[in-house]
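Data first, discussion second: the structure below is written as C-alpha cells.
Read the figures in this text as sums done on the coordinates, not as results from a lab. Just so it is clear, the model here is predicted, and its values are computed rather than measured. Note that we place each Cβ from the backbone using ideal geometry, even for glycine, and neighbour counts take in every protein chain shown.
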Amino acid sequence: MIDTIPWILLPLGGFIALTAAIGVLRFPDFYSRLHPAGTGDTLAQLLVLLGLLPLVTAWEDGAKLVMVTVLLFVTTPTATHAISQAAHLEGLRPWTRKEESDG
Amino acid sequence: MNPVLIASVLVLIGLALVLIRTLRGPGVFDRILGVNMIGTKAVILLCLLGFLEDRGGFLDIALLYALINFVGTIAILKFVEFRRLGA
Amino acid sequence: MDSVFPVDLLLLALVVVIGVATIRARDLLASTLLLGVYSLLMALVWTNMFAMDVAFTEAAVGAGISTVLLLGTLIVVGREERPSRGPHGAALLVTILTGAALLYGTTDMPAFGDPNAPVHTDAVGRKYIAQEVGKVHPVAHHHDDTHHDEAHHDGADHSADDHEPDTSAPAEHHGGSSEIHGDPAQDAHHGDYGTHVPNLVTAVLAAYRGYDTMFETAVIFTAGVCLIVLLRDRRSPPKETEAAA
C-alpha cells in the first residue's frame with residue numbers, strides 16, 4: 001500500500017508541473033499566466049513532495065522535506081501575488097477580447 | 001522504471017517550457033514570473049534528484065533554494081517598482 | 001549513476017541555452033534574471049556531480065547574493081545596454097585562444113578514477129593514502145613506531161600497509177570527523193572508521209583547515225570592504241531619493 005503512494009503521486013505531480021508550464025507558455029497575457037504559475041505549481045510541489053515522503057529513510061530527511069513543503073506552500077502563492085501586485089501598480093492592463101480594458 | 005525518474009523528467013521538461021517563456025516574455029513581469037517558477041521547479045527537482053539515487057544532503061540545498069528564491073523575487077520586484085515609480 | 005544521466009543531459013542543454021540568451025539580451029534586467037536562472041541550473045548540475053559544497057555556494061552566492069548585487073549595480077548604471085558595434089576583434093581572438101588553451105589542457109588530465117593519476121602517485125598523496133589506509137585498517141598489522149611517517153617520509157609509499165600509524169596516536173587526529181557516513185557493510189569489513197575521515201580529499205582539507213579558514217576570512221573581508229566602498233550611496237540627485245521614499 002505504502003509503496004504505491006509514490007507511484008501515484010509522483011507522476012501526477014510531474015504531470016501537473018508540466019501542465020502548469022504549458023499554461024505559462026501558452027496563455028495569452030500576463031494575468032492569465034499567473035493562474036497556472038500560482039495554483040498549478042503549488043499543487044505540483046505539494047503532490048511531489050508528499051509522494052517523496054514514503055521513500056524517506058532517515059527522520060531528518062523527512063523533517064527537511066516537510067519544511068521544504070511548508071515553505072514552498074507559503075512562499076509560492078505569496079511571490080505570485082507580489083508579482084501580480086507589482087504589475088498592477090505598474091499599470092499593466094489585463095487582456096480582453098475587446099480592445100477596451102476594464103480591469 | 002522509477003517513479004522518481006518519471007517525475008523528474010516531467011518537471012525538467014516543464015522547466016524548459018517555462019524557460020522559453022522567460023526568454024521570450026514580452027514584459028519584465030513575465031520574466032520575473034518565469035524566473036520564480038523556474039526556482040520552484042528547481043527546488044522540486046532537487047528533492048527528486050536526492051531520492052533518485054538515495055543520496056543525502058540534497059534537501060539542505062533545496063531548503064536554501066526555497067528561501068533564496070522567494071527573497072530574490074521580492075528583491076527584483078522592489079528594484080523594478082523603485083525604478084519605474086521613480087521615473 | 002545511469003538514471004542521473006538523462007537529467008544531466010537536459011540540464012546541461014538548458015544551461016547552454018541560458019548562457020547564450022544572457023549574452024544576447026539587450027535588457028540588462030533580463031540578463032540579470034537569466035544569470036540567476038543560470039546559477040540555479042548550474043547548482044543542479046553540481047549536485048548531480050555529488051559536489052554538495054559547490055552547489056551550496058552556487059545557490060547562495062550565484063542565485064542569491066550576486067543577483068541582488070547586480071540589481072544594485074543596475075540602479076547605478078541604468079537598465080539598457082549601449083548598442084554594440086559588432087564583435088571586438090582582439091577580444092574575440094583572446095577568448096578563442098584561451099578556450100583553445102584550456103581545451104588543450106584537458107587532454108593531459110588523467111581519466112576519471114584512474115589509479116595511476118598523479119594524485120595517487122606523488123609523495124604527498126601517498127603519505128595521505130598511507131595515513132588513511134592505516135585508519136581504515138586499524139588492527140590489521142601492528143607497528144609500534146608511531147612516528148614512522150616523519151622517519152621514512154619517502155619509504156611509506158611502497159609499503160603502505162606495513163607502516164600504518166597506530167590509530168590511537170593523538171597526532172593523527174583530524175578535525176571535522178563527525179560527518180562520516182560510512183557504509184555499514186564496509187564498516188563491518190574494514191573495521192570501524194572511528195573518528196577518521198574516509199575520503200582522502202576531505203582528509204587533506206581537514207588537515208589544512210586552519211589555513212583554509214584564515215585565508216577565506218581574509219578574502220571575504222577584503223571583498224566586503226571593496227563592496228562597501230563601491231556601493232556607497234554617493235549619488236544624491238534629490239528626485240531619486242524622493243521617489244525611493
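General remarks:
- Fluctuation leader among A:56, A:48, A:66 - chain A, Gaussian network, Cα springs under 10 angstrom: A:56
- When the square roots of the Cα gyration tensor eigenvalues are ordered a ≥ b ≥ c, the ratio a/c for region C:1-140 is 1.5 or more and a/b exceeds b/c, which makes its shape prolate.
- Estimated FRET transfer efficiency when R0 is 51 angstrom, pair residue A:74-residue C:122 (beta carbons, to 0.05): 0.45
- Selection from A:20, A:7, A:50 lying farthest towards where the dipole of chain A points positive, charges on Cβ: A:20
- All-pairs Cα distance distribution in region B:3-86, expressed in whole percent, bin size 10 Å: 18, 40, 29, 11, 2, 0
- Seen through its C-alpha gyration tensor, with square-root eigenvalues sorted a ≥ b ≥ c, chain A comes out oblate because a/c lies at 1.5 or above while a/b is not bigger than b/c.
- In region C:2-83, the convex hull through the Cα atoms has an average projected area of 5.3 nm², a quarter of its surface area.
- Acute angle (nearest 10 degrees) that the helix A:59-90 long axis makes with the longest principal axis of chain A, alpha-carbon atoms: 0 degrees
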